[in-house]
Amino acid sequence: DQQVKQNSPSLSVQEGRISILNCDYTNSMFDYFLWYKKYPAEGPTFLISISSIKDKNEDGRFTVFLNKSAKHLSLHIVPSQPGDSAVYFCAASGSGAGSYQLTFGKGTKLSVIP
Amino acid sequence: DTAVSQTPKYLVTQMGNDKSIKCEQNLGHDTMYWYKQDSKKFLKIMFSYNNKELIINETVPNRFSPKSPDKAHLNLHINSLELGDSAVYFCASSQDAGLAADTQYFGPGTRLTVL
């Protein structure tokens, strides 16, 4: 069962425009969410995270929005740059001892067109 | 200077063989992990290892066993390899497994192909 879903396998965006990547989750025990970015032949690298006590977290061009009632989060990249082209994974975890394991979505491949 | 390294990067072997993948982290982290990314691209946790406490994902066959000679290393041993074991295996580490907020740092992955 997919507890973390990224329903769009791919997304193409023009350079300079906004990229919006979406993620849905089903487990109501999840309360910490992360986005990882992965280039080919490399491991995932941490991008940005959000705790369930917040609905928005911003870091430069990257903003993550969390809608707990809808069990939905999104990653906004503004403005998009060609170097942002990568696979983006949404991940979630619970809190407290023993709940630190991350559950990943399937990833969305973002292509930013120059 | 690589934070989390894995060797080898590629591993091609025959069914039935036994193989190991090595992982080292130089971040001083307390917890290390192994993930499997299968052909459907899901990244799934296999093991986490913290201060000699091993948490095993119950779906992982017992042919897979992690071995930690010290805090900086978590190697993955696989016995009697099967075709379905073909995947990319990622090692990761984090500072303290007790905190869900700890960022995990990933190695570059090892692509295992079983023929």
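Remarks
- Taking region B:35-52 as the range and being among the charged types (D, E, K, R), under 23 Å from B:A72 (Cβ atoms) and touching a residue at least 40 places away in the same chain (Cβ under 8 Å) as the test, only B:K36 passes.
- Of everything in region B:63-109 that is more than 22 Å from B:K40 (Cα to Cα) and surrounded by fewer than 13 Cβ atoms within 10 Å (Cβ to Cβ), the residue that is modelled with the highest pLDDT is B:S80.
- Any hit, region B:34-56, residues being surrounded by fewer than 16 Cβ atoms within 10 Å (Cβ to Cβ), of a type in the set (S, T, N, Q), under 13 Å from the mean Cα position of the chain (by Cα) and modelled with pLDDT under 95: no
- Cβ-Cβ contacts under 7 Å between residues 6 or more apart (or on different chains), taken from a first residue in region B:1-23 that is surrounded by 14 or more Cβ atoms within 10 Å (Cβ to Cβ) to a second residue that is acidic (D, E), are listed as B:S5/B:E24.
- When A:S74, A:S12 are screened for being under 15 Å from A:L110 (Cβ atoms), part of a strand (DSSP E or B) and more than 15 Å from the chain's Cα centre (by Cα), only A:S12 passes.
- Pick from region A:1-52, criterion among the polar types (S, T, N, Q) and under 22 Å from B:S94 (Cβ atoms), ranking: surrounded by the most Cβ atoms within 10 Å (Cβ to Cβ): A:S49
- Options B:K40, B:K67, B:K71; residue that is within 10 Å of another protein chain (Cβ to nearest Cβ) and among the charged types (D, E, K, R): B:K40
- Selection of region A:42-51 for residues being in a loop (DSSP other than H, G, I, E, B) and either in contact (Cβ under 8 Å) with a residue 12 or more places away in the chain or more than 7 Å from chain B (Cβ to nearest Cβ) (or both) yields only A:P44.
- Residues that are more than 8 Å from chain A (Cβ to nearest Cβ) and either touching a Ser or Thr at 6+ places or on another chain (Cβ under 8 Å) or closer than 17 Å to B:R63 by Cα (or both) within region B:22-32 comprise B:K22, B:C23, B:E24, B:Q25, B:N26, B:L27, B:H29, B:D30, B:M32, listed in sequence order.
- Residue in region B:19-26 that is closer than 17 Å to B:P108 by Cα, acidic (D, E) and within 11 Å of the chain's Cα centre (by Cα) present: yes
The values are calculated or read from the model by the stated rules, or taken from the named source; none is laboratory data. This is a predicted model, so every value here is computed, not measured. Note: ideal-geometry Cβ built from the backbone for every residue, glycine included; neighbour counts use all protein chains shown.
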